[in-house]
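K.L.:
There's a structure below that I have some questions on.
The values are calculated or read from the model by the stated rules, or taken from the named source; none is laboratory data. Computed from a predicted structure; not experimentally measured. Using ideal geometry, Cβ is built from the backbone for each residue, glycine included, and neighbour counts are taken over all protein chains shown.
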Amino acid sequence: MNFKKRLLIIIGIPLGVCLILATALFFIGSDIAKRTEQIKQLRSEIIFGLQSTESLAILSKEAEQAKNYIVQLENILPQRDQLVTFPRDLNIIAKQSQVDLNATLGQEISESTDGLRKTDFSITGQGSFDNLINFLKLFEGGQYLVSLKMLDFTQQDGGFKTLLTGQVFSF
């Protein structure tokens, strides 16, 4: 029996120590895995923060550059009050092109109180086909920035009639 006890002690103590060490290594390993995951998450947040900061710096720099373009746009686009002359200016172009014209302004669409405005317009005109085309060329190269929605030509009494609708832009 003494031999059995001694064998049990010789084998049991190292086996117990190994079991305790294996359990400790398991807990340490899982703790390391949790901390590694936390580090990865923090690193991702730091990278995102750096990218956000870089983007903000770039946007700030580009915003300064955009201010120069806003001034230029304000010089290109007429003020809202100046659109009153839009039909008169179209009539001048129509007389140059020998086109009988009627232009009306419609509803104003504004996305903000101090930003870009769009005002609907409608134009009806009569004349020869060549004169109407000449009017459209002069209208397109004019001082107003417009977006055409519809252009309709109809032959009528040896001439042509046109209906043109769109929007004119202003500040």
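K.L.:
Under 9 Å between Cβ atoms, at least 6 apart or on separate chains: pull out the pairs that start in the stretch 118-134 with a residue that is under 11 Å from V168 (Cβ atoms) and end on any residue that is part of a helix (DSSP H, G or I) and of a type in the set (F, W, Y).
P.N.:
These pairs meet every condition: T119/F86; F121/F86; I123/F139.
K.L.:
Related question: Suppose the filter is part of a strand (DSSP E or B), at negative phi and either in contact with a Leu (Cβ under 6 Å, 6 or more places away or on another chain) or touching a residue at least 60 places away in the same chain (Cβ under 8 Å) (or both); does A94 pass it?
P.N.:
Criteria not met by A94.
K.L.:
Sticking with this structure for a sec: Working carefully through the options S110, S44, S52, S60, find the one that is touching a Lys or Arg at 6+ places or on another chain (Cβ under 7 Å) and either free of Cβ contacts under 8 Å to residues at least 40 places away in the same chain or more than 30 Å from L163 (Cβ to Cβ) (or both).
P.N.:
S110
K.L.:
Among the residues of the stretch 4-19, is any assigned to a helix (DSSP H, G or I), surrounded by fewer than 10 Cβ atoms within 10 Å (Cβ to Cβ) and at pLDDT below 95?
P.N.:
Scanning the stretch 4-19 turns up at least one residue that is assigned to a helix (DSSP H, G or I), surrounded by fewer than 10 Cβ atoms within 10 Å (Cβ to Cβ) and at pLDDT below 95.
K.L.:
Could you tell me which residue of the stretch 73-87 is farthest from S122 (Cα to Cα), considering only residues that are out of contact with any helix residue (DSSP H, G or I) (no Cβ under 9 Å at 6 or more places or on another chain), surrounded by 10 or more Cβ atoms within 10 Å (Cβ to Cβ) and not hydrophobic (A, V, I, L, M, F, W, C)?
P.N.:
Here the answer is E74.
K.L.:
For the stretch 107-121, indicate whether the set of residues that are under 32 Å from the mean Cα position of the chain (by Cα), assigned by TED's automatic domain parsing to the domain that holds G166 and assigned to a helix (DSSP H, G or I) is non-empty.
P.N.:
So far as the stretch 107-121 goes, no, none of its residues is under 32 Å from the mean Cα position of the chain (by Cα), assigned by TED's automatic domain parsing to the domain that holds G166 and assigned to a helix (DSSP H, G or I).
K.L.:
Evaluate the stretch 153-162: report whether one residue or more is part of a strand (DSSP E or B) and free of Cβ contacts under 8 Å to residues at least 12 places away in the same chain.
P.N.:
yes
K.L.:
Of these, I109, I123, I93, which one is under 30 Å from I70 (Cα atoms) and exposed (fewer than 13 other Cβ atoms within 10 Å of the Cβ)?
P.N.:
Just one listed residue meets the conditions, I109.
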